[in-house]
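The structure under discussion appears below in the form of structure tokens.
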Amino acid sequence: MSAQPEHKETHQANGAVVMPIVPVDCLTSPERGQLVEPSDFLGPDSNGVEVVVLESRANAKGVREEDALLENGSQSNESDDTSTDRGPEAASPLKETSFSIWLQVLFPFLLAGFGTVAAGMVLDIVQHWDVFKYVTEVFILVPALLGLKGNLEMTLASRLSTAANIGHMDTPKELWRMITGNMALIQVQATVVGFLASIAAVVFGWIPEGHFSIDHAVLLCASSVATAFIASLVLGMIMIGVIIGSRKMGINPDNVATPIAASLGDLITLALLSGISWGLYKELESKAYVNPLVCVFFIALLPIWVIVAKRNDATREVLYSGWEPVIIAMAISCVGGLILNRTVSDPNFAGMAVFTPVINGVGGNLVAVQASRISTYLHMSGMPGESAETAPRRCPSPCSTFFSSDVNSRSARVLLLLVVPGHLVFLYTISSMHGGHTTLTLIFIVFYMTAALLQVLILLYIADWMVHWMWGRDLDPDNFSIPYLTALGDLIGTGLLALSFHILWLIGDRDSDVGD
């Protein structure tokens, strides 16, 4: 047997590199002062070389958790993932200046902001409809269903952005696998979350009033499930198109996908909720069977989406383990909806309705961008739980979050600086369209901006801690962090806005017409 065939065999096997074990000082010949030929290591029978098999980290992880989304993508790669020349290519999307981050984020941020303004104008109008007057629990559904863009669409955008940035959507086969699995997954999650949100709305509405109506409960269930299903279907398709397009244009999907998910998300979801609930409310007396029929129809589709998502390796793991953040985030958003319901039901604070989607949407959009960027940064160093050097302090200091020199701190500063000018543009737009019941006085703008800045400041700090904390505990932040963060954004934003309106009313800022 010749030395050449033996040498070729040492580099075969799936995901493994076979190398001869040789002392370093044996690589040169003292007589010749040069490298020893490979044949010099062979024994007389040319087969006495001792070898060792080194598995690549990505493949070993893929074998251990082959159903996880990103690890499944890694499993399809060749064993040269450990090659040192792959590092610079993977890190290139994060080599961004503050100006480039600002330039990429600005347009999607403004687009998303105008989407929340439109949603606020819609809510300001529909709050006077009969269905919102007599079935006030619909207000509780508003933050929960608008939060679906954080629970589902933004999580989908973050998941696909990370996969695209690390090269797991480059071939048509991988792309199709990601699309079909993730679309089926978000339909399952949307239907379940919509159903649970309606139950939470019924409970939160029944506890303070002590009154329960079965017709209203079925109406809430039908409206919530139908809205969640249709909105997630439309927004999911938009997200996939945005991510594919941004990659072809050389734009980092982390900077644009999540804001665009929200730009139409709030408006589409709120318009669907208002229209569906209004139509079903009209059918309560004449065609009472319509509401339960709508519920049964969308719930009956669940097994189909479960089968599709379960058969796809890219989403099977999330289908089993991705429920906790989605359900807890829905419950947090419902608490924010309860605050909204109790506040706008008081005629003194009716003007709050138009501003709620704006402050919640802007905060959620910005923190989703930051969480997606940090998650991508961590994924480039390995898999969750593997890279101890990227898991920072248990509780980061505000200085390290906002004033350090790393790329994530730089992006946090850029996002924070967008808050005040962005909200000024959105407030001016609302005022010019004569939206709401509040005049924009100086004191109102000061209180509103304080609430908005405090909300985003808290969210960015929590994101820095939460994403790294989840990463260190072998949890994929793309699947777990954004639902919590956007739900907290809804709760903090609604709470701070309600507090601002109460303070303005107490100090008697009559010029702003708060309370009229």
| query | Residue check: is ILE299 of a type outside the set (S, T, N, Q), in a helix (DSSP H, G or I) and surrounded by fewer than 19 Cβ atoms within 10 Å (Cβ to Cβ)? | reply | yes
| query | Could you say whether any residue in region 405-423 is among the hydrophobic types (A, V, I, L, M, F, W, C), touching a Pro at 6+ places or on another chain (Cβ under 7 Å) and assigned to a helix (DSSP H, G or I)? | reply | no
| field | Tabulated pairs, region 301-312, first within 11 Å of THR191 (Cβ to Cβ), second buried (at least 16 other Cβ atoms within 10 Å of the Cβ) and of a type in the set (Ser, Thr, Tyr), C-beta under 6 angstrom, 6+ apart or interchain | value | LEU302/THR191
| said: Exactly one condition in (1) more than 24 Å from the chain's Cα centre (by Cα); (2) over 25 Å from PRO325 (Cα atoms) is false for TRP102; which is it? | reply: (1)
| Scan of region 96-125 for residues that are under 21 Å from TYR428 (Cβ atoms) and open to solvent by less than 10 Å² (accessible area, probe 1.4 Å), ordered by number | VAL105, PRO108, PHE109, ALA112, GLY113, GLY115, THR116, VAL117, ALA119, GLY120, LEU123
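From VAL308, VAL326, grab the single residue that is aliphatic (A, V, I, L, M) and either under 30 Å from THR401 (Cβ atoms) or in a loop (DSSP other than H, G, I, E, B) (or both). Even if it seems obvious, please write down each step before you answer.
On the way: VAL308 fails: either under 30 Å from THR401 (Cβ atoms) or in a loop (DSSP other than H, G, I, E, B) (or both).
None of the others qualify; the one that does is VAL326.
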| Within the bounds of region 448-459, is there any residue that is over 13 Å from ILE359 (Cβ atoms), hydroxyl-bearing (Ser, Thr, Tyr) and in contact (Cβ under 8 Å) with a residue 12 or more places away in the chain? | no
| Which condition does PHE447 not pass, out of (1) open to solvent by less than 50 Å² (accessible area, probe 1.4 Å); (2) part of a helix (DSSP H, G or I); (3) within 28 Å of PHE349 (Cα to Cα), if it passes all the others? | (1)
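How do the helices (runs of 4 or more DSSP H) wholly within region 126-241 filter down when requiring 3 or more residues that are surrounded by 24 or more Cβ atoms within 10 Å (Cβ to Cβ) and not aliphatic (A, V, I, L, M): which remain?
Working: elements: 130-134, 138-146, 154-165, 172-209.
In region 126-241, 154-165, 172-209 are the helices (runs of 4 or more DSSP H) which contain 3 or more residues that are surrounded by 24 or more Cβ atoms within 10 Å (Cβ to Cβ) and not aliphatic (A, V, I, L, M).
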| message | Is it the case, given these coordinates, that LEU475 is farther than 25 Å from ILE339 by Cβ and surrounded by fewer than 22 Cβ atoms within 10 Å (Cβ to Cβ)? | response | yes
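The values are calculated or read from the model by the stated rules, or taken from the named source; none is laboratory data. What you see is a predicted model, and the numbers here were worked out from it, not measured in a lab. Every residue, glycine as well, gets a Cβ built from its backbone with ideal geometry; the counts of neighbours run over all protein chains shown. Keep in mind that these areas ignore ligands, DNA and RNA; they rest on the heavy atoms of the full protein, side chains included. Shrake-Rupley method; radii C 1.70, N 1.55, O 1.52, S 1.80 Å.
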